[in-house]
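Provided herewith is a single structure, encoded as structure tokens, for subsequent inquiry.
Read-outs throughout are calculated quantities, based only on the coordinates presented, and are distinct from any laboratory measurement. The structure displayed is predicted, hence computed values, not measured ones. Cβ coordinates were reconstructed from backbone atoms using ideal geometry, including for glycine residues, and neighbour counts include every protein chain displayed.
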Amino acid sequence: MATTPLLLPSIDLYGPGKRIGHLDLSWSDDRHAYGVIPVPIAVISGGSGPTALVTAGVHGDEYEGLVIARRLIRELDPGQMNGRLIVMPAANLPAVRARSRISPIDRQNMNRAFPGDDGLGPTALIAHFIEKRLIPEMDLVLDLHSGGTQSIYDPCGYVYEMGDAEFRARKLAACHAFGAPLTAAVATTSSSGSLSAACERARVTMIATELGGGAKLDLRALEIGWRGTLNLLRHSGVLQGIPEKTVTRLVRTPSRECFVMASIDGMFESYVSPGMIVEAGAHAGRIWPMDDLSREPVEAQFTVTGTVLCCRTMPMVTRGDTLCHVGTPLDDSEFVKEGA
Ligand SMILES: [Zn+2]
């Protein structure tokens, strides 16, 4: 006997035109015995050209991407497209509804849930649909993240320094077309469960972003993200028009030394902000122990010279928390050649 899939698109994802709908995710819990989670999805298709997927809300407390994805659906029309654009503005809808990094239903981090599963819970179901159904059809994937509640980034792209030279060159060209002031190249995917890792497995050109954070909307990050998204869609041939010639500056975070971690529990007083250039040995801030007023604050130091990509926004810290994240310079030629 045939079983009904647990996740079904409410719209045709292929034909020309603009359609707005959702993925009907069948789910039964204490709220709904026979309910669905309507994960929003839209398609804007104008021709037989390349196909791109733009995702936001993989983490539910990262907001710039939600606005950019919603604007794409509202402002782009099939007449402007050479190809097909699929947009998922709240990919992990339960997390977005809860304003939370992870889903409150299954406690899963979607960026650790790929390749997913069609029976493990909502987060794994959505990840499974994206990896098995959508990614194999894509020429480009753009996954819009920000720093979330806990941290804030200097608006930047993120790309994985993996694969052969041809694949890397494609990814690098996409980074320049997005044109964020900085792009962080990461030597390995942080997890085989990330959306980036899913695209690496399929050799699909993919960049992610970190567009701000701190549980708010940053105007500069929004502007960089919006312009970058349109330019990248033009560069990839999905959207009509000649792309602007934009460039990004690559940095990398080659080791744990690029992270400044909290060495004690307490309140972190930061001396730096994202985008600042810092030197090895400089102080990143100090942590005030709050449970023993006789103890002196403990200084946190940078151990590499580079650009501050990200800072923690929540001052109360626990030993082991990341306080700052530094990127060191990387040449384009080095990025491409290492894949040979
Ligand atoms: Zn994220």
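Just how large is the dipole of the stretch 263-322 about the Cα centre, in debye to the nearest 20, putting +1 at every Lys and Arg Cβ and -1 at every Asp and Glu Cβ?
In total the dipole reaches around 160 debye.
Follow-up. If the chain between residue 249 and residue 337 were fully stretched, how many nm would it gain, using 0.36 nm times the residue separation less the Cα-Cα distance?
Separation in residues times 0.36 nm, less the Cα-Cα distance, equals 30.0 nm.
On to the next question. Once you put a point 7 Å from the Cα of residue 97 and another 7 Å from the Cα of residue 120, both along the Cβ direction, what distance in nm separates them?
Those two pseudo-labels are separated by 2.2 nm.
Through the Karplus equation 6.51 cos²θ - 1.76 cosθ + 1.60, θ set to phi - 60°, convert the phi angles of the stretch 230-242 into ³J(HN,Hα) values in whole Hz; use x for Gly and Pro.
5, 5, 5, 5, 5, 4, 7, x, 6, 9, 5, x, 8
Give the residues of the stretch 95-136 whose amide nitrogen is closer than 20 Å to a point set 7 Å from the Cα of residue 316 in the direction of its Cβ.
Residues 99-102 qualify, since their backbone N sits under 20 Å from the label point.
Pull up the cross-link candidates among the lysines for residue 171, meaning alpha carbon to alpha carbon under 20 Å and not fewer than 8 places away within one chain.
245, 337
How much FRET efficiency would the formula 1/(1 + (r/R0)^6) give for residue 223 and residue 263, where r is the Cβ-Cβ distance and R0 is 41 Å, rounded to 0.05?
Efficiency computed from Cβ-Cβ geometry: 0.65.
If you don't mind, there's one more thing I want to ask. As I understand it, the dipole of the chain uses +1 on the Cβ of Lys and Arg and -1 on the Cβ of Asp and Glu, about the Cα centre. Which of 83, 236, 309 lies farthest toward its positive end?
Looking along the dipole axis, the top candidate is 83.
How many nm is it between the label spots at residue 298 and residue 165, if each spot is 7 Å from the Cα in line with the beta carbon?
Calculated label separation equals 4.7 nm.
Another question, then. Could you give the nm distance between label points at residue 34 and residue 8, where each point is 7 Å from its Cα heading toward the beta carbon?
Distance between the two pseudo-spin positions: 1.3 nm.
Please give the helix 165-178 orientation as an angle from the longest Cα principal axis of the chain, in degrees from 0 to 90, rounded to the nearest 10.
80 degrees
Just the number, please: percent antiparallel of the DSSP beta bridges in the stretch 7-252, rounded to the nearest 5. Could you put the intermediate results ahead of the total?
On the way: 23 of 48 bridges.
Counting only bridges with both partners in the stretch 7-252, antiparallel ones make up about 50 percent.
How would you rank 55-66, 262-273, 231-242, 139-150, highest first, on the average number of other Cβ atoms within 10 Å across their residues?
55-66, 139-150, 231-242, 262-273
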